[in-house]
Amino acid sequence: MGIFIAVGVAFLLKLFSLQVLDRHYKQLADNNALRFLTQYPARGKVYDRNGKLLVYNEAVYDLMVIPKQARDIDTTLFCNLLDITKESYIERITKARNFSPVKSSLFLSQISKEDYAHIVEVLYKFPGFYFQTRTLRHYPSAIAAHTLGYIGEISQSELDKDPYYRAGDYVGKSGLEKSYEKELRGVKGLKVVTVDVHNREMGSFMDGELDEEPQPGKDIYLGLDADLQAYGESLMHGKIGSIVAIEPETGQILAFVSSPSYDPNLLVGRERGKNYLTLQEDPMKPLINRAINGTYPPGSTFKTVVGLIALQSGSIVPGTRFHCAGPGSMPIKCTHHHGSSPDFANAIMNSCNPYFYESFKATINNPKFGNIKNGYQYWKDMTYNMGLGHRFDTDIPYELSGNIPTREYYDRMYGGQWNSVTIRSLGIGQGEVLLTPLQLANIAATIANEGYYYPPHLIKCFGDTTAIPEPMRTKVATGVEQRHYKTMKAGLRTVFSGPAGTARRYEMADIPQCGKTGTAQNPHGNHHSLFIAFAPADHPKIALSIIIENGGYGATWAAPIASLMIEKYIRGYTERPELEKRMLEGVITYKNER
């Protein structure tokens, strides 16, 4: 009797273990009858500031596999149907089996609607395989590729950081798609369906009681003006460089052009990998967003920063004059003939090198700072307040900080023995100082606002009532008084309107512009052509920076392109066909090696 009782207890314990504790057999049984389908939400759409659609979704299909069920199939027929090799089939099924023999995983992604219709009719012949619907991005206008960014399959490191995702999911990899991944992605849903022995779906399980509806992602409206962006990209055809345009009163980016660019539709679908490799190997480097990843000596555009700090520190006043002997003057030579001792306004109009070297020298040597190193620290701190030498950290990923050298850097370089002559190149935007086009555009916006800026950002608003992050709505004061900015604005106005203004050829009678040309030395070829500007002068609606690599003088390429961008945005059209034609058709010859 004891033996029978012991055997009975053992059986009961084993049955309890199998039926209650061990979920393996229940899972196998459920997977034979039920299919748990992830319902991917529609990713949020993206619009420009005027409601023009920039990004929307198109349905595609992922082929999923449950390796345990994928038995006794005709692999030759299956591979021909999917247009893959047998080696590829073995690699994919092995990867899926290693993930889990009983759980579904991705076998082949991003199958088009046309291919899906052809395959789904005979899929019942291949047990263990089924389709799952998802959406991919589509770009009706092939513009703003660097700004919008792209999505791609999630990496293992990304999976480890966020349990929301699973292998095979797509996430934002760059641009707006990366910055607003959580807002754009929405929330996944679940659909439970029954399947028959032929792997065909028979309908919802329990009338959908276990189903969870996906929540679509948020729509996003950008500050970007699609027409201005397209115009800027056309002006940059045949040129390497960037255009950054900002709305001064909000910090919203109106145009974010990096040239050369690419069609964002190339990085969508099954051809994405091949297209990405082609773009990556292009010697002109179209994948680089030069607006934030290009760092350049700012040249004479930096004289605005040098002049404002000199005025604020009391080292100069608007009437201060410094001697300039033209091309022969030392230690900084001047490229213009504009009289022997210009004041501040004339120095801005004529872009006088000695004047701004002397202004820089007067600032860091100012007796109130005690010594030159303290004076230089004050100068560097003021550049930081003006948005230089650091990232803005808004919704623009992978932004570089540029470089404003520290006093410690010069101590190491010169053994602690350095003075204003040693670092004189900083006064005219050369030497070790490097800025991004975004930082230069922000300088223009700050001058337009007469002393403050909003951190530059892409978003204008969400499609719902969600507020954009507070830092993007917060004014940043530079510490330079408004009166000095008014002095600077008056000088920048003469760059267009003055008799010797370096951009006087691009003046428009009905749109008063302010700007500053720049020509940055380049050891690897022709000088870079730079320009910063804003308009209208009294109530600025747009501020921008232009950089044309190897374009020569600032007035040759950058200034006319800036003026055309201003006209296009404010007027809505342009009235200078000859200038426009010259800029649209102008091509700069570059070496293949970049």
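With closer than 25 Å to A562 by Cβ and at pLDDT below 95 as the only criterion, which of I404, I428 stands out?
Numbers: I404 fails: at pLDDT below 95.
Result: I428 is the single residue among I404, I428 that is closer than 25 Å to A562 by Cβ and at pLDDT below 95.
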- Item | Exclusive hit being modelled with pLDDT of 90 or more, more than 30 Å from H237 (Cα to Cα) and buried (at least 16 other Cβ atoms within 10 Å of the Cβ), set Y89, Y56, Y130, Y139 | Y89
- Look at the range 410-449 and say how many of its residues are on the phi > 0 side of the Ramachandran plot and either charged (D, E, K, R) or within 32 Å of the chain's Cα centre (by Cα) (or both). 2
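Quick grid of which residues meet (1) in a helix (DSSP H, G or I); (2) not β-branched (V, I, T):
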| residue | (1), (2) |
| --- | --- |
| L136 | no, yes |
| I143 | no, no |
| H146 | yes, yes |
| P163 | no, yes |
| G168 | no, yes |
| E177 | yes, yes |
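Working only within the range 221-260, note down all residues that are among the hydroxyl-bearing types (S, T, Y) and either in contact with a Lys or Arg (Cβ under 6 Å, 6 or more places away or on another chain) or crowded, with 22+ Cβ neighbours inside 10 Å (or both). It would help to see each step written out before you state the result.
Of the range 221-260, the ones among the hydroxyl-bearing types (S, T, Y) are 221, 231, 234, 242, 250, 258-259.
The answer is Y221, Y231, S242, S258, S259.
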- Task: Taking S179 as the residue in question, decide whether it is in the same structural domain as D464 (by TED's automatic domain parsing) and at pLDDT 95 or above.
- Result: no
- Residue, farthest from I459 (Cα to Cα), within the range 35-87, restricted to residues that are in a strand (DSSP E or B) and among the aromatic types (F, W, Y): F36
- Enumeration of residues in the range 497-522 that are in contact with a strand residue (DSSP E or B) (Cβ under 6 Å, 6 or more places away or on another chain) and closer than 11 Å to A535 by Cα: I511, Q513, C514, G515
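Part of a loop (DSSP other than H, G, I, E, B) and among the hydroxyl-bearing types (S, T, Y): which single residue out of T502, T446, T494, T487 fits that description? If you could, list the steps in order and put the result at the bottom.
On the way: T446 fails: part of a loop (DSSP other than H, G, I, E, B); T494 fails: part of a loop (DSSP other than H, G, I, E, B); T487 fails: part of a loop (DSSP other than H, G, I, E, B).
Step by step, each of T502, T446, T494, T487 is checked, and only T502 is part of a loop (DSSP other than H, G, I, E, B) and among the hydroxyl-bearing types (S, T, Y).
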- Task: Say whether the condition of being in contact (Cβ under 8 Å) with a residue 12 or more places away in the chain, outside any helix (DSSP H, G or I) and more than 30 Å from the chain's Cα centre (by Cα) is met by at least one residue in the range 450-471.
- Result: no
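One line per residue, one yes/no per condition, for (1) surrounded by fewer than 18 Cβ atoms within 10 Å (Cβ to Cβ); (2) outside the structural domain of R270 (by TED's automatic domain parsing); (3) within 20 Å of E271 (Cβ to Cβ); (4) within 22 Å of the chain's Cα centre (by Cα):
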{"position": "Q110", "(1), (2), (3), (4)": "no, yes, yes, no"}
{"position": "E121", "(1), (2), (3), (4)": "yes, yes, no, no"}
{"position": "S157", "(1), (2), (3), (4)": "yes, yes, no, yes"}
{"position": "D162", "(1), (2), (3), (4)": "yes, yes, no, no"}
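The values are calculated or read from the model by the stated rules, or taken from the named source; none is laboratory data. Keep in mind the model is a prediction, meaning the values are calculated, not measured. Because the Cβ atoms are built from the backbone with ideal geometry, glycine has one as well, and the counts that use them run over all protein chains shown.
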